[in-house]
Amino acid sequence: MRLKATAPIVFTFLAALVAASPSKAREPLELVVLGDSLVAGYELGAGEDYPARLEAALTDAGYDVVIANAGVSGDTTSGGLARVDWSVPDGTDGVILELGANDALRGIAPQDVKSNLSAIIESLQGRDIPVMLMGMMAPPNMGSDYAEAFNPIYGALAAEFDVPLYPFILDGVAANAELQLADGMHPNAGGVEVMVENSLPSVEAFIDTIGEE
């Protein structure tokens, strides 16, 4: 008789416990890195790209995440805008947005770059998908006038849309030949590791804000 009386109580307690922990159903966090060849893994081996190495680093740090690589070599901000809806599926928990390097190399007007990035962020936020912005800097050969117009774009967007910003995706890699491919622009496998190491604290902070929502 005692077991029959206890069983409904135990079942009710477990049901209440499950109902009080809805966040468990959303694990792991599903992130997308939307970007260009700097994250796509240009001329790198399988698993050496930035999203794959970032996922591994986050897993080692105790996070339960899956990161999809939506990097397309040669992509510009206009290209990213054109494909954002299908590159970032519904249900995505967060997007790391890395675009603009190819725009700068082609001398695309900074105001157009800002407009495209704004539209991408607005599209994602309109779908309730949090965004982290990865900054870029204009190459020196574009001249100081172009750099003065291009480089502040990312900080301005971060402030306007209240999104976290990692100021320069190639921090520690740019101008370091040992961490670059022969083209002097793209990171090699070692360069990707530096990118991950340097950006990891910022990405962790971004993920923690998603967990609070």
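The values are calculated or read from the model by the stated rules, or taken from the named source; none is laboratory data. Being a predicted model, the structure only gives us computed values, none of them experimental. Note that each Cβ is placed from the backbone with ideal geometry, even for glycine, and that neighbours are counted across all protein chains shown. These accessible areas exclude ligands, DNA and RNA; they are computed on the full protein's heavy atoms, side chains included. Shrake-Rupley method; radii C 1.70, N 1.55, O 1.52, S 1.80 Å.
Applying the selection to the range 80-94, what residues are crowded, with 17+ Cβ neighbours inside 10 Å and out of contact with any Pro (no Cβ under 8 Å at 6 or more places or on another chain)?
Here is the first cut: in the range 80-94, the residues crowded, with 17+ Cβ neighbours inside 10 Å are 80-81, 84, 87-88, 92-94.
The answer is GLY80, LEU81, VAL84, SER87, VAL88, THR92.
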Which numbered condition VAL113 fails, given (1) closer than 26 Å to PRO201 by Cβ; (2) open to solvent by less than 10 Å² (accessible area, probe 1.4 Å): (1)
Residues of the range 44-73 satisfying the condition of being in a loop (DSSP other than H, G, I, E, B), in contact (Cβ under 8 Å) with a residue 60 or more places away in the chain and surrounded by 14 or more Cβ atoms within 10 Å (Cβ to Cβ): LEU44, GLU48, ASP49, TYR63
Residue, surrounded by the most Cβ atoms within 10 Å (Cβ to Cβ), within the range 178-193, restricted to residues that are outside any loop (DSSP other than H, G, I, E, B) and touching an Asp or Glu at 6+ places or on another chain (Cβ under 8 Å): VAL192
Options ALA68, ALA101: the member that is among the small types (Gly, Ala, Ser), over 17 Å from LEU157 (Cα atoms) and under 16 Å from the mean Cα position of the chain (by Cα): ALA68
Flag for THR76 being crowded, with 19+ Cβ neighbours inside 10 Å, of a type in the set (S, T, N, Q) and closer than 16 Å to ARG127 by Cβ: no
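Being in a loop (DSSP other than H, G, I, E, B) and touching a residue at least 40 places away in the same chain (Cβ under 8 Å) is the filter here, so list the residues in the range 74-88 that pass it. Write out each step before concluding.
Here is the first cut: in the range 74-88, the residues in a loop (DSSP other than H, G, I, E, B) are 74-76, 88.
Across the range 74-88, the qualifying residues are ASP75, THR76, VAL88.
Mind checking whether some residue in the range 32-41 is open to solvent by 60 Å² or more (accessible area, probe 1.4 Å), over 23 Å from ASP208 (Cα atoms), small (Gly, Ala, Ser) and in a helix (DSSP H, G or I)? Spell out the reasoning first.
Our first condition is that a residue be open to solvent by 60 Å² or more (accessible area, probe 1.4 Å); within the range 32-41, this holds for none.
So far as the range 32-41 goes, no, none of its residues is open to solvent by 60 Å² or more (accessible area, probe 1.4 Å), over 23 Å from ASP208 (Cα atoms), small (Gly, Ala, Ser) and in a helix (DSSP H, G or I).
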Which numbered condition ASN102 fails, given (1) crowded, with 17+ Cβ neighbours inside 10 Å; (2) in a loop (DSSP other than H, G, I, E, B): (2)
So ILE129, is it among the hydrophobic types (A, V, I, L, M, F, W, C), touching a residue at least 40 places away in the same chain (Cβ under 8 Å) and closer than 20 Å to ASP171 by Cβ: no
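Hey, any hits in the range 158-177 for a residue that's in a strand (DSSP E or B), open to solvent by less than 40 Å² (accessible area, probe 1.4 Å) and either among the hydrophobic types (A, V, I, L, M, F, W, C) or under 27 Å from LEU124 (Cβ atoms) (or both)?
First, the residues of the range 158-177 that are in a strand (DSSP E or B): 165-166.
With the extra rule that they be open to solvent by less than 40 Å² (accessible area, probe 1.4 Å), the set shrinks to 166.
Next, only the ones that are either among the hydrophobic types (A, V, I, L, M, F, W, C) or under 27 Å from LEU124 (Cβ atoms) (or both) stay: 166.
Among the residues of the range 158-177, at least one is in a strand (DSSP E or B), open to solvent by less than 40 Å² (accessible area, probe 1.4 Å) and either among the hydrophobic types (A, V, I, L, M, F, W, C) or under 27 Å from LEU124 (Cβ atoms) (or both), which makes the answer yes.
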